[in-house]
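What follows is a set of notes on a single structure, which appears directly below.
The values are calculated or read from the model by the stated rules, or taken from the named source; none is laboratory data. Quick caveat: nothing in here was measured; it's all calculated off a predicted structure. Quick reminder, even Gly has a Cβ in these numbers, built from the backbone with ideal geometry, and neighbours come from all protein chains shown. Just so you know, the surface numbers come from the protein's heavy atoms only, side chains and all, with ligands and any DNA or RNA stripped out. Shrake-Rupley method; radii C 1.70, N 1.55, O 1.52, S 1.80 Å.
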Amino acid sequence: PPVTRIVHTVDTDHGALDAVEDDAIKLARIIMRHNGASNSERKHAAGQFDVLMRQVTGVAKARYVADFVSMLAESGEPIILFAWHREVISIFQSRLKHLNPVLYTGTEDTAEKNRSVEKILSGESRLMIMSLRSGLGVDRLQQKVRVVVFGELDWAPAVIEQCIGRVERDGQLDSVAAYLLVCEFGSDPIMAEALGIKRNQLEGIRNPGMQRLERLDDGQPSIPAPARSYLQRRGIVHAIADHRYFILGSELL
């Protein structure tokens, strides 16, 4: 049966986002400033900005993602929850301990990963927390699991599809439900835009046979894009008609 992909908006802890605002603005200014910063400085700042915003976004929405997963688990079905940052995974472990979660990330060795799979298959655990880029070669989960949840996003649509493929594969007899949980702040809006998630949420209804997730650009957004989006959302950077941008009275582009 076809995969059902559901994009769902969750709340965020604004305190977590506000706590890094000064650092985020400082990095964003470097990224946006073509004059006064070398390309290497801007690229380095862009990497730091991406790491900072993705982690704080994951932390800010983690408890709301956990509440959503807990609600889904009331049906009794086992769930795979995908995440990336260790701090986010730790929050999930704590808030979802009633589901006896097991891990399948880059930290566990092969034996530990195999035990995690067995606990899901036996029903000893009802939740596997899997890293977005783990799971290569894993099999048999499709015998027990049909619900997957993305607590964090990845820039690459192929990674999202591969994660769904952990259970949407030969031997799966039920329709797989994939929930992509996004928030309206932090890094999620621009990542969702780059992945085409919101557009394809509608296109999937009008054209069920189309590719559900598709990158709308040719790679990770250009260096200024995430920083510009962040500053615009904060009301710090303003665009004018000739495509220049101003921040706190200083022309940047």
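From the list His34, His98, the lone residue that is touching a helix residue (DSSP H, G or I) at 6+ places or on another chain (Cβ under 9 Å) and modelled with pLDDT of 80 or more is His98. Scanning the stretch 68-78 for residues that are open to solvent by 70 Å² or more (accessible area, probe 1.4 Å) and part of a helix (DSSP H, G or I) yields one hit, Met71. Being without any contact (Cβ under 8 Å) to a residue 40 or more places away in the chain and crowded, with 20+ Cβ neighbours inside 10 Å is a description that applies to Gln55. Annotation note: of Arg126, Arg133, Arg115, Arg140, the sole residue that is of a type in the set (Lys, Arg) and under 19 Å from the mean Cα position of the chain (by Cα) is Arg133.
Please work out if Ala28 is buried (at least 19 other Cβ atoms within 10 Å of the Cβ), of a type outside the set (Lys, Arg) and more than 21 Å from Leu132 (Cβ to Cβ). Considered against the rule, which asks whether it is buried (at least 19 other Cβ atoms within 10 Å of the Cβ), of a type outside the set (Lys, Arg) and more than 21 Å from Leu132 (Cβ to Cβ), Ala28 comes out as yes. The criterion of at least 3 residues that are free of Cβ contacts under 8 Å to residues at least 40 places away in the same chain and either closer than 21 Å to Val69 by Cα or open to solvent by 70 Å² or more (accessible area, probe 1.4 Å) (or both) is met, among helices (runs of 4 or more DSSP H) falling completely within the stretch 79-197, by 86-95, 110-122. The sole residue among Gln93, Gln55 that is out of contact with any Pro (no Cβ under 8 Å at 6 or more places or on another chain) and among the polar types (S, T, N, Q) is Gln55. Just one of the listed residues (His44, His14, His8) is more than 21 Å from the chain's Cα centre (by Cα) and not acidic (Asp, Glu), and it is His44. No other residue among Arg29, Arg54 is out of contact with any helix residue (DSSP H, G or I) (no Cβ under 7 Å at 6 or more places or on another chain) and modelled with pLDDT under 80 apart from Arg29.
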